[in-house]
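Inspection log for the structure reproduced underneath, given as structure tokens.
The values are calculated or read from the model by the stated rules, or taken from the named source; none is laboratory data. All figures in this text were calculated on a predicted structure; none of them were measured in a lab. Here Cβ is always computed from backbone atoms with ideal geometry, including for glycine, and neighbour counts include all displayed protein chains.
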Amino acid sequence: MAKVHVFDHPLIQHKLTYIRDKRTGSKEFRELVEEVAMLMAYEVTRDLPLEEAEVETPVGPAKTKVLAGKKLGVVPILRAGLGMVNGVLKLIPAAKVGHIGLYRDPETLQPVEYYCKLPTDVPERDLIVIDPMLATGGSAAAAITFLKEKGAKNIKLMCLIAAPEGIRTVQEAHPDVDIYAAAVDEKLNDHGYIVPGLGDAGDRLFGTK
Ligand code: URA
């Protein structure tokens, strides 16, 4: 079964408090989400392979390490996922970015892909799927299924806040995909919002309602 990694880093928890606060406006919300995404990316990339390197410091030769060149991809689920992309790219600027858009079919209630643009070499990349609010988990599970159909083998899921229902859905559908979240909240309400959550992440990022 895939692991759930919850970040207890003080900076992440502090910033998440202000992200949750309904008084926080869109500009500050966007900045905080980007900052938390960057801090989370630090941990999500902890297992990247390194290789030996050598450089000359002003004092002499140093045996060091550099990233072994593992190809990475970041795949935000539209639209709220966009808010975390730049934070992740600040730490891993060489990552390629794919986008997946999904809507829920009102009759079947199944997620339907309406937009998908991915790097051409998906099978060679380790992918970080970004879905800030893992609520029912339906969109994240469907996006991961699409990516696997395109050949993706190593996928991690990065969320700001996860609900137990969403974690269960993803773990059942994709037991190979680790979930990274800044918090796991209590439950979903009748409208599918995470409680206490932060409200609608897309609306708060983009100032819509
Ligand atoms: N999507 C959101 O933006 N917020 C939630 O609480 C659940 C889904």
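Can I130 be described as under 18 Å from E34 (Cα atoms), at pLDDT 95 or above and either touching a helix residue (DSSP H, G or I) at 6+ places or on another chain (Cβ under 9 Å) or crowded, with 20+ Cβ neighbours inside 10 Å (or both)?
Working: under 18 Å from E34 (Cα atoms): yes; at pLDDT 95 or above: yes; either touching a helix residue (DSSP H, G or I) at 6+ places or on another chain (Cβ under 9 Å) or crowded, with 20+ Cβ neighbours inside 10 Å (or both): yes.
So I130 passes the test.
I need a count of the residues in the stretch 33-64 that are of a type outside the set (S, T, N, Q), farther than 30 Å from I179 by Cβ and in a strand (DSSP E or B).
Quick first cut of the stretch 33-64, residues of a type outside the set (S, T, N, Q) only: 33-44, 46-56, 58-63.
Keeping just the survivors that are farther than 30 Å from I179 by Cβ gives 52-56, 58-63.
Now drop any that are not in a strand (DSSP E or B), which leaves 52-56, 61-63.
Of the residues in the stretch 33-64, 8 are of a type outside the set (S, T, N, Q), farther than 30 Å from I179 by Cβ and in a strand (DSSP E or B).
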Determine whether the stretch 6-16 contains at least one residue that is of a type in the set (A, V, I, L, M), in a strand (DSSP E or B) and under 19 Å from the mean Cα position of the chain (by Cα). yes
Among the residues in the stretch 121-129, are any touching a residue at least 12 places away in the same chain (Cβ under 8 Å), assigned to a helix (DSSP H, G or I), under 19 Å from V85 (Cβ atoms) and away from the ligand (no atom under 13 Å from the Cβ)? yes
Which is of a type in the set (A, V, I, L, M, F, W, C) and within 13 Å of the ligand (Cβ to nearest atom), of A143, A163? A163
Pairs with Cβ under 9 Å, 6+ apart, first in the stretch 41-65 and among the aromatic types (F, W, Y), second part of a loop (DSSP other than H, G, I, E, B): Y42/H9
Out of (1) outside any strand (DSSP E or B); (2) surrounded by fewer than 24 Cβ atoms within 10 Å (Cβ to Cβ); (3) more than 9 Å from the ligand (Cβ to nearest atom); (4) of a type outside the set (V, I, T), what's the single condition that is false for G197? (3)
Residue within the stretch 108-120 that is hydroxyl-bearing (S, T, Y) and within 13 Å of the ligand (Cβ to nearest atom) present: no
